[in-house]
Amino acid sequence: MMSFSKKVDRIEESQTIAITSLAKKLRSEGKNIISLSAGEPDFPTPENIKQAAIKAIENNFTKYTQNEGIPELREAVADKFRRENGLKVEASNILISSGGKHSIFNALQAICDPGDEVIIPAPYWVSFPEMVKLADGVPVILKTTEASGFTFDAQDVERLVTARTKAIIINTPSNPTGAVISEESLRGIAALARKRGFYIISDEIYEKIIYDGNKHFSVGSISEAGDHVITASGVSKAYSMTGWRIGFLAAGHEVISRAAKIQSQVTSNASSVSQAAALEALRGTQTEIEKMRVAFQNRRDILFARLSGIKGLTLSKPGGAFYFFPSIKGLVGKRHGGRILKNSADVAEFILAEAQVALVPGTAFGSEDHIRISYAYSEKELTEAATRIEESISRLK
């Protein structure tokens with residue numbers, strides 16, 4: 001019998017993608033599904049960015065580019081990191097890739113050997129542990145709690161550091177919790193990374209979607225951290241460019257050269273047209289970005305008011321990104337008809353079947369006691385979804 005890769009058998013399919021696909025399938029079958037499962041802004045890509053892509057096509061900018069990205073975009077990204085994030089980088093420290101996920105994948109492939117341990121705070125983005133496994137590394141899960149606001153500090157991290165620790169992945173603001181890690185905590189973790197000799201992979205894809213007067217702090221701006229920090233970001237979330245697939249990595253030359261070598265053998269350069277669009281995103285007007293951020297904050301507040309009144313759900317206001325991560329402990333053990341809800345998957349399936357609202361069970365993010373609800377959707381959809389969820393939960397016994 002023909003065999004298959006054991007590495008692939010050890011990883012899980014992305015549940016966020018699977019549930020979003022299921023919601024689309026149910027819609028195609030005529031069901032009135034509201035999907036709050038995807039982390040995808042519903043706003044159109046800003047007009048100036050679209051026009052830059054159209055111009056690139058009209059100018060036949062459709063061929064291969066440099067593997068690391070076009071020089072103009074690498075310089076624009078370096079300038080953005082220097083100006084907005086306080087990183088001391090040049091264009092040579094930048095790698096343009098096919099999305100933020102691809103950037104982190106390249107970084108892990110560049111630094112990990114078989115058996116290396118990578119600390120991942122939980123709840124985590126679904127792909128972090130699987131990307132570590134694909135790099136032959138070992139995910140080491142750092143559990144956080146609602147009581148701490150799903151945050152952590154250097155002492156929490158140090159308890160998990162061993163001789164095999166290669167890196168920690170930090171995502172702030174966080175998917176799925178919306179938690180924002182404080183500057184004080186990040187400084188402590190940076191000092192620990194330098195002391196114990198491991199990398200910090202800082203996923204900052206939601207850096208511009210932050211609320212209540214909070215300011216994003218980049219751990220890579222800490223001069224003492226030096227080349228211990230690898231910073232990943234992109235244009236998907238802040239610029240509503242998820243399908244354009246442009247991410248970027250900032251790191252020391254040794255990491256970037258190795259990540260670029262991997263990319264050269266896997267995808268080569270990111271899309272030429274998308275790079276032209278990303279250049280306009282970074283260099284052009286930023287007015288639409290702030291409008292979208294304000295809209296997300298308004299949506300957060302509207303949905304929080306509605307969800308807070310649903311018995312069985314407990315939640316707090318996220319400081320960034322566009323997700324709620326409510327506890328469903330109050331629903332476990334309840335029944336509808338002959339069915340007893342035992343876990344987050346049961347709750348998500350119940351809400352999909354009874355309310356026709358698609359959510360993601362917390363098990364996908366390393367927590368059985370929660371569900372993830374995205375509010376990257378219109379106020380009308382969010383209000384209707386909240387009504388449906390409340391009515392379905394009220395029928396539980």
Being over 23 Å from Lys25 (Cβ atoms), under 25 Å from the mean Cα position of the chain (by Cα) and at pLDDT 95 or above is true for just one of Glu379, Glu391, Glu368. Which residue is that? Glu379
Out of segment 25-59, which residues are β-branched (Val, Ile, Thr) and either without any contact (Cβ under 8 Å) to a residue 60 or more places away in the chain or within 24 Å of Tyr323 (Cα to Cα) (or both)? Ile33, Ile34, Thr45, Ile54
From the list Glu184, Glu207, pick out the single residue that is under 29 Å from Leu315 (Cα atoms) and outside any helix (DSSP H, G or I). Glu207
Looking only at segment 250-304, which residues are of a type in the set (Lys, Arg), surrounded by 18 or more Cβ atoms within 10 Å (Cβ to Cβ) and either touching a Gly at 6+ places or on another chain (Cβ under 9 Å) or in the same structural domain as Ala110 (by TED's automatic domain parsing) (or both)? Arg300
Evaluation of Arg74 against (1) basic (Lys, Arg); (2) in contact with a helix residue (DSSP H, G or I) (Cβ under 6 Å, 6 or more places away or on another chain); (3) closer than 21 Å to Tyr206 by Cβ (one fails), failing number: (3)
For segment 344-397, which positions are of a type in the set (Val, Ile, Thr) and in contact with a strand residue (DSSP E or B) (Cβ under 8 Å, 6 or more places away or on another chain)? Val347, Ile351, Val357, Val360, Ile371, Ile373, Ile389
Quick test of your reading of the structure: Ala147 fulfils all but one of (1) surrounded by 18 or more Cβ atoms within 10 Å (Cβ to Cβ); (2) assigned to a loop (DSSP other than H, G, I, E, B); (3) more than 20 Å from the chain's Cα centre (by Cα). Name the failing condition by number. (1)
Considering residues of segment 195-219 that are of a type in the set (Val, Ile, Thr) and touching a residue at least 40 places away in the same chain (Cβ under 8 Å) only, the residue nearest to Phe128 (Cα to Cα): Ile201
Enumeration of residues in segment 321-362 that are more than 16 Å from the chain's Cα centre (by Cα) and assigned to a helix (DSSP H, G or I): Ser344, Ala345, Asp346, Val347, Ala348, Glu349, Phe350, Ile351, Leu352, Ala353, Glu354, Ala355
If I filter segment 102-118 for residues that are under 30 Å from Ala18 (Cα atoms), surrounded by fewer than 21 Cβ atoms within 10 Å (Cβ to Cβ), modelled with pLDDT of 95 or more and touching a helix residue (DSSP H, G or I) at 6+ places or on another chain (Cβ under 8 Å), do I get at least one hit? yes
Does Val140 fit the bill of being more than 24 Å from Ala276 (Cα to Cα), free of Cβ contacts under 8 Å to residues at least 40 places away in the same chain, surrounded by fewer than 21 Cβ atoms within 10 Å (Cβ to Cβ) and out of contact with any Gly (no Cβ under 6 Å at 6 or more places or on another chain)? yes
Can you name the residue in segment 156-171 that is in contact with a helix residue (DSSP H, G or I) (Cβ under 8 Å, 6 or more places away or on another chain) and outside any strand (DSSP E or B) and, of all such residues, is surrounded by the most Cβ atoms within 10 Å (Cβ to Cβ)? Val157
Answer yes or no as to whether Gly366 is surrounded by fewer than 15 Cβ atoms within 10 Å (Cβ to Cβ), out of contact with any Gly (no Cβ under 7 Å at 6 or more places or on another chain) and either over 19 Å from Ile33 (Cβ atoms) or not assigned by TED's automatic domain parsing to the domain that holds Ala18 (or both). no
Leading residue by the ranking (modelled with the highest pLDDT) among those in segment 1-35 that are among the hydroxyl-bearing types (Ser, Thr, Tyr) and in a helix (DSSP H, G or I): Ser28
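The values are calculated or read from the model by the stated rules, or taken from the named source; none is laboratory data. All values derive from a computational prediction rather than experimental measurement. Don't worry about glycine lacking a Cβ; one is built from the backbone with ideal geometry, like all the others, and counts go over all protein chains shown.
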